[in-house]
Amino acid sequence: MLKYKNLFLRQGLIGNPGFIQREHFVPSKLTWAASCLPACPSAVDLLGTKRFYSQELGLKGFGVTEVSSQVLRQMETNTVIAENADHLHPTYDTAMEALSSLITTKRRGDVQTISNKYTKLERMQMYVKILGLEEPIDRLKIIHVAGTKGKGSTCSFCEAILRESGFRTGLFTSPHLIDVRERFRLDGLDISEEKFLHYFWECWNQLKENITEDLPMPPLFQFLTVLAFKIFSCEKVDVAIIEVGLGGTRDSTNVIKNPVVCGVSPLGMDHMETLGDTLKQIASHKAGILKPRVPAFTVPQLSEAMDVLQEKARDLTVPLEVVAPLDRRNLNGVELSLSGDHQFTNAGLAVALCKSWLQSTGNWEKLSQHEDNIPYAFLRGLQTARLSGRAEIVHDSALPCSAMAGEAGDTSGDLIFYLDGAHSPESIEACARWFSSAVKEKTSKEVSGNGNFKIESEKTSKKILLFNCMDVRDPESLLPILVDTCASSGTHFAKAIFVPGISTYTKVTSASSAIPSEIAPKDLSWQFNLQRVWENIIHGKDAVNKNLETRMPDSVPPRKFLDNDAAGCSVAVSSLPMTINWLRDYVKKNPSLRIQVLVTGSLHLVGDVLKLLRR
């Protein structure tokens with residue numbers, strides 16, 4: 001039901017003393033005349049009137065009351081939020097529980113148990129129709145982006161560029177790391193909890209009323225996709241940047257029929273259980289987002305992938321352009337906000353997509369031009385784009401302030417986390433190059449408050465790998481690439497820790513979700529397998545202990561694990577929260593130590609670590 005907050009209705013205006021209170025509940029089932037109906041039934045037509053029925057409100061003492069347009073004009077409707085129609089005081093967690101019920105598989109790669117009467121896209125089209133979103137989606141001016149790696153970064157650059165250019169932006173990406181609202185950005189900010197609940201319950205209730213045996217509630221990603229279209233339509237964004245979830249041809253986002261422009265970021269081997277085990281098959285899925293005569297852009301690809309993209313483009317009469325990486329010399333000294341050399345490829349694609357979007361919508365000439373044909377607004381966007389968990393550096397704020405400021409007489413060592421959710425061979429290689437470059441930039445020189453350089457007490461650096469990956473990944477491919485790429489730049493790991501995450505595949509959590517203090521016993525056979533692969537790489541097959549998993553797993557590494565003379569270069573542990581605290585305690589006891597932790601292999605692991613660090 002809708003909850004109108006802070007409406008400040010004067011006593012007697014409506015004729016019922018119950019409406020004097022500052023919070024008022026309006027059932028979301030009521031159909032309001034609206035400018036974008038049926039997509040946005042909450043938008044009120046102030047020229048009309050509406051009856052509130054006591055049986056709808058579920059509150060005793062409320063009779064039939066007619067509200068005139070004169071009264072409605074006095075309502076501050078900009079603070080409308082939606083709440084669960086089944087509860088008077090629902091919480092955000094209630095919505096998370098509802099979302100969790102849409103998860104139809106226990107792990108990635110499992111087959112969804114849904115009626116096969118309709119295909120995935122047919123179901124999506126039916127959900128869109130139920131919500132009345134067909135025309136609103138067609139009216140959206142969409143940038144649609146597919147790819148194996150870099151598509152999230154490309155979308156983030158696009159959003160920032162067009163926002164800096166003066167447009168109201170909507171961005172839909174996946175997955176989220178901490179809170180599901182991260183997937184929906186309006187003008188560069190995660191959607192507010194109030195607006196999320198408002199649009200969530202409208203979609204939820206409307207779909208619930210129309211489900212059948214052959215058309216059940218949509219699985220999680222399909223629901224989130226239609227929710228994104230709902231949000232962006234009702235919020236009247238100027239541009240919607242939509243990241244493909246998986247593949248392209250059969251992806252839920254491919255109900256988009258008339259995008260303004262399409263993009264394909266770098267392609268590689270990933271999600272092979274769904275998309276096929278050859279680059280040609282994967283490229284064919286990604287090319288499925290191309291639409292007849294709609295401009296499209298891609299980046300340099302391996303010939304096997306490029307041939308597929310170009311053939312698809314010819315079939316659809318699509319003007320496909322291959323975009324070179326941005327040349328940093330043309331950026332007027334601007335540094336990309338997203339770190340890593342690979343981001344110049346993503347940024348180049350984003351610039352081309354935004355320029356094409358502006359040209360197609362008649363806005364290109366309105367922007368002031370830089371001498372190298374990159375508008376200043378583009379440069380500002382490239383400098384301010386953000387994407388959490390990708391090439392992100394976090395100094396642990398739980399340590400004493402002196403340690404973080406690098407002051408003389410530190411009472412604690414440094415603990416720095418380098419987070420990147422890389423999980424494919426190509427992205428792991430890019431992650432390794434970024435990490436090696438980033439740790440080298442950390443020198444013993446610090447800038448003091450007056451701008452002069454000072455030399456801090458020399459600290460010994462130890463580089464630690466904190467790793468996990470899903471069991472559909474191949475660690476014998478990922479870990480050697482990580483080790484070899486780092487080693488080629490002179491970066492070597494002192495230790496490696498393999499630990500399961502705290503998030504579960506079957507539950508959607510929020511930023512406020514409690515982190516369990518007691519960690520239930522877990523099956524660490526996969527972590528022991530990762531450890532075995534690691535030991536193979538570092539010491540060779542003959543040195544590997546074949547009975548790693550026979551010992552009882554510890555919650556945290558052994559007490560002297562990080563000491564130079566400690567035996568063993570890796571460990572599998574059961575508790576991520578306790579391991580983070582263990583690292584904190586270790587640096588507090590060793591003021592001369594700087595621990596640089598690379599967290600990678602899984603976006604879920606990265607999200608869990610970020611959640612722990614922000615507590």
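Cβ-Cβ contacts under 9 Å between residues 6 or more apart (or on different chains), taken from a first residue in segment 117-146 that is within 25 Å of residue 286 (Cβ to Cβ) and without any contact (Cβ under 8 Å) to a residue 40 or more places away in the chain to a second residue that is part of a strand (DSSP E or B) and open to solvent by 80 Å² or more (accessible area, probe 1.4 Å), are absent.
Yes or no, residue by residue, for (1) charged (D, E, K, R); (2) open to solvent by 30 Å² or more (accessible area, probe 1.4 Å):
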| position | (1), (2) |
| --- | --- |
| 141 | yes, yes |
| 202 | yes, no |
| 219 | no, no |
| 248 | no, no |
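Could you please let me know if residue 310 is within 26 Å of residue 258 (Cβ to Cβ) and in a helix (DSSP H, G or I)? Taking the combined requirement at face value, the residue satisfies it.
Among residues that are more than 21 Å from residue 285 (Cβ to Cβ) and under 27 Å from the mean Cα position of the chain (by Cα), residue 338 is included. What are the residues in segment 594-612 that are of a type outside the set (D, E, K, R) and more than 22 Å from residue 434 (Cα to Cα), if any? Within segment 594-612, just 612 meets the criteria. For segment 282-323, give me each residue that is of a type in the set (Gly, Ala, Ser), in contact with a helix residue (DSSP H, G or I) (Cβ under 6 Å, 6 or more places away or on another chain) and either free of Cβ contacts under 8 Å to residues at least 24 places away in the same chain or open to solvent by 20 Å² or more (accessible area, probe 1.4 Å) (or both). Within segment 282-323, just 284 meets the criteria. The set of residues from segment 291-312 being among the aliphatic types (A, V, I, L, M) and within 27 Å of residue 375 (Cβ to Cβ) comprises 294, 296, 299. Going by what's in this entry, would residue 387 be described as in contact with a helix residue (DSSP H, G or I) (Cβ under 6 Å, 6 or more places away or on another chain), touching a residue at least 40 places away in the same chain (Cβ under 8 Å) and in a loop (DSSP other than H, G, I, E, B)? For residue 387, the condition - in contact with a helix residue (DSSP H, G or I) (Cβ under 6 Å, 6 or more places away or on another chain), touching a residue at least 40 places away in the same chain (Cβ under 8 Å) and in a loop (DSSP other than H, G, I, E, B) - is met.
Taken together, 215, 227 contain a single residue that is hydrophobic (A, V, I, L, M, F, W, C), crowded, with 22+ Cβ neighbours inside 10 Å and touching a helix residue (DSSP H, G or I) at 6+ places or on another chain (Cβ under 9 Å), which is 227. Return yes or no: is residue 225 of a type in the set (Ser, Thr, Tyr), part of a helix (DSSP H, G or I) and within 22 Å of the chain's Cα centre (by Cα)? Criteria met by residue 225.
The values are calculated or read from the model by the stated rules, or taken from the named source; none is laboratory data. If you're wondering where the values come from, they're calculated on a predicted model, not measured in any experiment. Glycine gets a Cβ as well: all are built from the backbone with ideal geometry, and neighbour counts include every protein chain shown. What goes into the accessible areas is simple: the full protein's heavy atoms, side chains included, and nothing from ligands, DNA or RNA. Shrake-Rupley method; radii C 1.70, N 1.55, O 1.52, S 1.80 Å.
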